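Each remark here refers to the structure printed beneath this line.
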Amino acid sequence: MLGAILGDIIGSPYEFDMGDKTKDFPLFSERSGFTDDSVMTVAVAEALLDCANIANENAVKEKLVASMRRWGREYPDAGYGLRFNNWLYSSSPQPYGSFGNGSAMRVSAAGRLYDTLSETRRAARLTAEVTHNHPEGIKGAESVACAVFLARHGKSKKEIKKYIINEFGYDLSRSCDEIRPSYRHVESCQETVPEAITAFLEGSDFEDVIRTAVSLGGDCDTLICIAGSLAEAFYGVPENLKEECLRRIDPGMARVVERFYAAAK
């Protein structure tokens, strides 16, 4: 979870192709701050923590909707997309067929809270379906959560890559050097999740994953949020970066983070 939030914070100054496509940049600056990616990561984590049993899917969805709308309204200027913002304030919030990358950036908690891959996929699907119920939106969430699950269970990058390709059909054949020149700001799961996974696969440690992902450009806060969640599950987060992350989020968010790590597998 901290990996996702750190990715969001570190990537935030470079959103909308504002970076130089290099790994050589300051991790933090005055412009580094959390966005909707972190707010929704916290909201989803809180909802899943409040659901002891995910078998009652309607109850889980009700928790997710309530938590996401409460947190979203608490941070109204965090940078939500237009359709999601409308959903936050709708009198009758319904899923709207999105395949945007929002479903993948907020799902990392699902990869840490369950004992099996099937439970992980089920939880991830539910977190997507309340808004991003397009098959690609669901696939994006499930793939990220499963990669987090596999990484925290000690699977190799080769094994994780094989699973993601076989189960979700993403093309992970390109290297970051091949992706980087033409990659641009795009907000779909289809053109964010494979790139984030590739940055994770190429990175040599937590910080290198973050720097590699930023160097790709594009929708940097979300891309790095996803890559950061995978990097944390595989490498852990250095203590100095944990401290910096907690310093840059609000106390209410930090309390959910603390509760999450007390419960995480």
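The values are calculated or read from the model by the stated rules, or taken from the named source; none is laboratory data. Nothing here was measured: the structure is a model prediction, and the numbers come from that model. Quick reminder, even Gly has a Cβ in these numbers, built from the backbone with ideal geometry, and neighbours come from all protein chains shown. Areas reflect the complete protein model, heavy atoms only, side chains present, ligands, DNA and RNA absent. Shrake-Rupley method; radii C 1.70, N 1.55, O 1.52, S 1.80 Å.
Magnitude of the Cβ-charge dipole of segment 1-101, K/R +1 and D/E -1, about the Cα centre, nearest 20 debye? Before the final figure, lay out the partial values.
Details: 9 positive and 14 negative charges, 60 e Å.
Dipole magnitude for segment 1-101 comes out near 280 debye.
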Å² per residue, accessible surface of segment 115-265 at 1.4 Å: 40 Å²
What residues qualify as long-range amide H neighbours of Gly100, i.e. H under 5 Å apart, gap of 5 or more or another chain, H built at 1.01 Å from N? Cys189
Classify segment 138-178 as rounded, prolate or oblate from the Cα gyration tensor: take a ≥ b ≥ c as the square roots of its eigenvalues, call it rounded if a/c is under 1.5, otherwise prolate when a/b beats b/c and oblate if not. oblate
Label point distance in nm, Asp50-Glu202, each placed 7 Å from Cα along Cα→Cβ: 4.0 nm
Sorting Glu142, Glu202 by accessible area (1.4 Å probe), largest first, what list results? Glu202, Glu142
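Which sequence of Arg125, Arg106 reflects their accessible areas, 1.4 Å probe, from the largest down? Please report the intermediate quantities before stating the final value.
On the way: Arg125 60, Arg106 5 Å².
Result, largest first: Arg125, Arg106.
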Considering the alpha-carbon set of segment 200-255 alone, what are its Rg and its Dmax in angstrom? 11.8, 34
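Would you work out if segment 19-156 is rounded, prolate or oblate? Take a ≥ b ≥ c from the square roots of the eigenvalues of the alpha-carbon gyration tensor; rounded if a/c is under 1.5, else prolate when a/b is larger than b/c, oblate otherwise. Please report the intermediate quantities before stating the final value.
On the way: a/c = 1.72, a/b = 1.10, b/c = 1.57.
Since a/c reaches 1.5 but b/c is at least a/b, the shape of segment 19-156 is classed as oblate.
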In debye to the nearest 20, how big a dipole does the chain give about its Cα centre with +1 on each Lys and Arg Cβ and -1 on each Asp and Glu Cβ? 660 debye
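Under the 0.36 nm per residue contour assumption, what length would be gained going from the current alpha-carbon distance of Gln94 and Arg247 to full extension?
Working: separation 153, 0.36 × 153 = 55.08 nm, distance 3.49 nm.
This chain segment gains 51.6 nm when fully extended.
What helices in the chain pass both tests, a Cα length along the helix axis of 20 Å or more and a mean Kyte hydropathy of -1.0 or higher, using whole DSSP H runs? Don't skip to the end; give the middle numbers.
Numbers: long enough: 57-74 (25 Å, -1.09); 135-152 (26 Å, 0.59); 220-235 (21 Å, 1.23).
Helices meeting the span and hydropathy rule in the chain are 135-152, 220-235.
May I ask you to compute the full-extension gain from Asp115 to Glu187, defined as 0.36 nm times their residue separation minus their alpha-carbon distance, rounded to one decimal in nm?
Details: separation 72, 0.36 × 72 = 25.92 nm, distance 3.08 nm.
Stretched fully, the Asp115-Glu187 segment lengthens by 22.8 nm.
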At Arg83 and Tyr261, where each label point lies 7 Å from the Cα along Cα→Cβ, what is the point-to-point distance in nanometres? 3.6 nm
In terms of the Cα gyration tensor, with a ≥ b ≥ c the square roots of its eigenvalues, is segment 1-89 rounded because a/c is under 1.5, prolate because a/b exceeds b/c, or oblate? prolate
Percent of Cα-Cα distances greater than 34 Å, calculated over the chain: 8 percent
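Considering only DSSP states other than H, G, I, E and B, which trypsin sites (Lys or Arg not before Pro) in segment 167-218 qualify as loop sites with at most 16 other Cβ atoms within 10 Å? Numbers along the way, then the final one.
Working: sites: Arg174, Arg184, Arg211; in loops: Arg174, Arg184.
Here the sparse-neighbourhood loop sites are Arg174, Arg184.
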Å³ per residue enclosed by the Cα convex hull of segment 120-265: 121 Å³
Could you check the spin-label model distance between Lys162 and Glu239? Points 7 Å from the Cα along Cα→Cβ, value in nm. 3.7 nm
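Got a number for carbon plus sulfur as a percent of the chain's accessible area, 1.4 Å probe?
Here carbon and sulfur together make up 47 percent of the probe-accessible area.
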